[in-house]
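Trainee: To start, I am sharing the structure in question, which I have written as structure tokens.
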Amino acid sequence: MTSERIRSLLSEMTLAEKIGQMCQVQPHGRDQDDQVRAGLIGSLINVVGPDAYHYQALAVEHSRLGIPLLLGRDVIHGFNTIFPIPLGQAASFDPAAVREAAALSAIEAGMACVNWTFSPMIDISRDPRWGRIAESFGEDPLLTALMGQAMIDGYQSQSIAACAKHFVGYGAAEGGRDYSTAMIPSRELHDIYLRPFKHAAQAGVMSFMTAFNEVDGLPCSGNPALTRDLLKTAWGYDGMVVSDWNSITEMIAHGVCANTEEAAERGVAAGVDMEMASRSYFDHLEGLVATGRVKEADINDAVLRILHMKERLGLFERPYGPERQHPGRNHSMTQARNLARKSCVLLSNNDTLPLGGGIHSVALIGPLADAGKDMLGCWVFDADHTLNHSVLSGLRTKLGDRRVIYRPGLPDPRSMDGAMIEDAVMAANSADVVVLCLGEDEGLSGEAHCRAHLELPGRQMELLQRVAACGKPVVTIVFAGRPLLLAEVIEKSSAVLMAWHPGSMAGVAITDILFGEPPTGRLPVSLPRSTGQIPIYYNHKNTGRPPAPDAPSIPSGTPLDPSGFFSTYLDEDHRPLLPFGYGLSYTSFACEGLRLTTETLTEADDLEAEITVTNTGSRTGSELVQLYVRDLVGSVTRPVRELKAFKRVLLAPGESAKLSFSIPVADLAFHAADGTFKVEPGRFQIWLGPDASKGETAWFEVVPSPTNPSGKSGKAKV
Ligand code: BGC
């Protein structure tokens with residue numbers, strides 16, 4: 001991993017300079033000048049533009065060894081140009097588009113002298129109460145791994161280091177409360193939560209960030225089994241590991257360290273190379289080395305990794321980054337518009353969308369209709385707000401001012417003041433169609449922004465009920481950083497579009513969809529019917545008493561006698577409102593004729609399947625065919641379905657296409673009862689279809705390969 005240059009640099013460094021490399025500080029103005037000049041800081045966080053150039057110049061031109069700084073920033077879903085929140089990007093199921101967005105974000109951030117982003121967040125998220133689900137790619141390990149890789153490739157292609165975070169289990173916070181304890185059994189940790197991280201390590205991500213939470217009694221910033229033994233040794237990861245904000249010293253509050261000195265000792269022992277924000281490394285490592293409690297060899301390893309990252313970024317040659325050319329506003333706005341469009345999921349449509357030529361006037365109602373800033377969502381520090389497009393601006397540009405009757409209905413999304421509702425109802429009565437913009441403002445999701453109630457905030461449901469009672473077609477657009485409870489919204493609306501927080505070009509992208517551009521997004525998370533169902537996710541286990549697949553939907557609030565002792569509720573359907581992978585188009589499709597090339601395979605083979613997709617509707621549209629597999633009998637229980645691949649096909653009305661899938665049987669590996677990661681011989685079921693709840697099905701058999709009769713995996717990857 002290390003070059004001659006780095007080794008010789010290390011040999012010239014004093015212990016204080018080495019420890020300095022392991023410290024990341026947030027400056028306030030220019031208050032770190034002396035430290036940087038003295039070579040006692042390796043990285044700064046949250047400095048951009050002129051301040052960042054200033055500090056980099058000090059480090060390179062005025063410190064003794066001239067080591068450049070890592071300049072970190074949370075570039076989560078855009079820099080000046082804002083793309084959809086990551087959960088929305090996941091809904092695109094389009095890694096290439098996500099990669100391009102990350103590359104553009106990296107260009108913009110790099111032009112402000114940033115060289116490290118704390119993204120992607122690849123925490124599996126099964127709990128919509130958790131505010132950071134917005135920053136995630138949802139509930140599925142494969143989709144998360146692919147989206148994570150796309151972002152990593154995009155950033156790093158433009159010489160901005162990516163950071164796989166938060167290692168690990170942060171999304172499993174109990175009760176959906178941020179920072180809360182994560183209860184994850186070891187096999188689940190390895191087969192679900194760690195999978196995207198292993199994929200990121202293999203994809204060459206330059207850094208990892210440890211999580212705030214504990215897993216099984218050990219806070220993740222002080223867990224040598226995870227960071228040193230698994231990540232660095234077993235996976236052979238040669239990048240660097242940074243803590244989360246103050247997460248080293250928070251081990252005192254966790255109750256595993258008595259003071260900051262112990263916290264520093266524990267952090268280094270665990271293999272956390274750099275401390276973010278808190279100062280325990282700076283204050284104590286020299287003393288800890290002197291007393292032998294911290295080995296200088298561990299310090300050297302950390303510093304080599306940090307210097308290696310600086311070298312990989314090319315900072316020794318070009319401390320301010322490579323020459324970067326912005327592709328121009330038109331280009332970036334088109335990209336943001338396209339990805340925003342791809343992230344929208346059509347949840348229901350009663351023949352209302354797309355809006356046709358007969359529409360003369362639109363009543364645009366709702367507290368999020370003219371909310372350009374709220375469209376951006378959480379984690380936006382550097383947005384160019386002059387680029388924001390609300391739905392109001394999008395519709396007015398399309399239809400002209402006179403044909404759009406705008407009434408907010410409520411003063412703001414959380415408001416309990418109903419004085420404006422009547423006015424909104426009058427507007428609805430006077431128009432041909434209502435476009436109703438509901439959901440969460442940008443402040444309702446993100447870090448430490450968790451919710452116990454997932455209904456529409458404030459009096460929004462009342463606004464919907466009143467407007468729907470007018471009898472006009474109502475198209476509801478839901479903006480949110482998470483899945484909300486939408487059963488009644490779907491029931492009362494003629495069409496519902498889940499738009500997440502779509503970014504700078506929100507209003508333009510939504511207008512495109514309303515007037516004909518077919519929506520293509522798919523749910524990256526299951527939509528619950530009620531909070532009592534949470535956590536709800538498609539790749540759950542079967543249990544010994546699974547409900548029948550067609551078990552009746554029990555009306556909420558009606559205590560019924562269950563028809564048997566099955567894993568259901570008395571007062572709620574056990575199924576999600578809408579499943580993972582779900583999303584409508586403006587046309588319909590049939591998926592038929594599933595065929596497997598062979599039904600008997602060994603672990604060394606590829607499973608080959610094909611299916612014919614036909615556009616059975618009257619408009620052009622694209623279908624996303626998803627391939628799921630179930631391992632029917634394992635040495636341990638296995639999920640009822642697991643996504644293994646997906647493919648999109650664009651079809652004109654009446655057109656058919658044959659889609660072929662090929663997945664290595666090795667991708668079916670998991671941690672078996674004996675602890676090894678392998679594919680177990682046996683029978684499997686496969687589905688190809690439009691979401692996680694349906695599909696054409698077939699069966700195949702994996703038999704031991706003649707060269708590997710024990711079934712122990714050699715080829716298995718993630
Ligand atoms: C978050 C990280 C983020 C860091 C720096 C923390 O509070 O958990 O995800 O990268 O702050 O802003």
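Trainee: Might you let me know whether segment 558-580 holds any residue that is of a type in the set (A, V, I, L, M, F, W, C), open to solvent by less than 30 Å² (accessible area, probe 1.4 Å), at pLDDT below 80 and over 30 Å from A666 (Cα atoms)?
Mentor: For segment 558-580, residues of a type in the set (A, V, I, L, M, F, W, C), open to solvent by less than 30 Å² (accessible area, probe 1.4 Å), at pLDDT below 80 and over 30 Å from A666 (Cα atoms): absent.
Trainee: Starting from residues that are open to solvent by less than 50 Å² (accessible area, probe 1.4 Å) and outside any loop (DSSP other than H, G, I, E, B), keep the ones in segment 229-252 and report whichever is nearest to the ligand (Cβ to nearest atom).
Mentor: That would be V242.
Trainee: Here's a follow-up. Enumerate the helices (runs of 4 or more DSSP H) found wholly within segment 435-552, keeping only those where 3 or more residues are in contact (Cβ under 8 Å) with a residue 12 or more places away in the chain and out of contact with any Gly (no Cβ under 9 Å at 6 or more places or on another chain).
Mentor: Ranges flagged: 460-468, 487-492.
Trainee: Looking at the structure I just gave you, is A103 touching a helix residue (DSSP H, G or I) at 6+ places or on another chain (Cβ under 6 Å), in a helix (DSSP H, G or I), among the small types (G, A, S) and more than 14 Å from the ligand (Cβ to nearest atom)?
Mentor: Judged against the criteria, A103 is a match.
Trainee: Please go through segment 60-82 and give me each residue that is of a type in the set (A, V, I, L, M) and either closer than 18 Å to S504 by Cβ or in contact with a helix residue (DSSP H, G or I) (Cβ under 7 Å, 6 or more places away or on another chain) (or both), ordered by number.
Mentor: Residues satisfying the conditions are L65, I67, L69, L70, L71, V75, I76, I82.
Trainee: What residue, of R177, R187, R195, R129, is of a type in the set (K, R), within 16 Å of the ligand (Cβ to nearest atom), open to solvent by 10 Å² or more (accessible area, probe 1.4 Å) and in contact (Cβ under 8 Å) with a residue 12 or more places away in the chain?
Mentor: R177
Conditions (1) open to solvent by less than 10 Å² (accessible area, probe 1.4 Å); (2) more than 24 Å from the chain's Cα centre (by Cα); (3) within 29 Å of H331 (Cα to Cα), marked per residue:
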residue	(1), (2), (3)
V433	yes, yes, no
E455	no, no, no
T476	yes, yes, no
K492	no, yes, no
P502	yes, no, yes
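Trainee: Same structure, new question: Can you spot a residue in segment 621-637 that is in contact with a Pro (Cβ under 6 Å, 6 or more places away or on another chain) and at pLDDT 95 or above?
Mentor: Yes, because at least one residue in segment 621-637 is in contact with a Pro (Cβ under 6 Å, 6 or more places away or on another chain) and at pLDDT 95 or above.
Trainee: Do the conditions hold for A106, that is, is it free of Cβ contacts under 8 Å to residues at least 40 places away in the same chain and not charged (D, E, K, R)?
Mentor: No: the conditions fail for A106.
Trainee: Now for a separate question. Determine if segment 47-68 includes at least one residue that is closer than 30 Å to L146 by Cβ and open to solvent by less than 20 Å² (accessible area, probe 1.4 Å).
Mentor: no
Trainee: Small (G, A, S) and modelled with pLDDT under 95: which single residue out of G357, G314 fits that description?
Mentor: After ruling out the rest, the residue left standing is G357.
Trainee: Quick check on segment 253-279: of everything there that is small (G, A, S), part of a loop (DSSP other than H, G, I, E, B) and within 16 Å of the ligand (Cβ to nearest atom), which residue is surrounded by the most Cβ atoms within 10 Å (Cβ to Cβ)?
Mentor: Once the filter is applied, the top-ranked residue is S278.
Trainee: With (1) of a type in the set (A, V, I, L, M, F, W, C); (2) away from the ligand (no atom under 13 Å from the Cβ); (3) under 12 Å from the mean Cα position of the chain (by Cα); (4) open to solvent by less than 10 Å² (accessible area, probe 1.4 Å) as the list, and L146 as the residue in question, which single condition is left unmet?
Mentor: In the conditions (1) of a type in the set (A, V, I, L, M, F, W, C); (2) away from the ligand (no atom under 13 Å from the Cβ); (3) under 12 Å from the mean Cα position of the chain (by Cα); (4) open to solvent by less than 10 Å² (accessible area, probe 1.4 Å), L146 misses (4) alone.
The values are calculated or read from the model by the stated rules, or taken from the named source; none is laboratory data. Quantities reported herein were computed from a predicted structural model and do not represent experimental measurements. Glycine also receives a Cβ, built like all others from the backbone with ideal geometry; neighbour counts cover every protein chain displayed. Remember, those area values only see protein heavy atoms, side chains included, never the ligands or the DNA or RNA. Shrake-Rupley method; radii C 1.70, N 1.55, O 1.52, S 1.80 Å.
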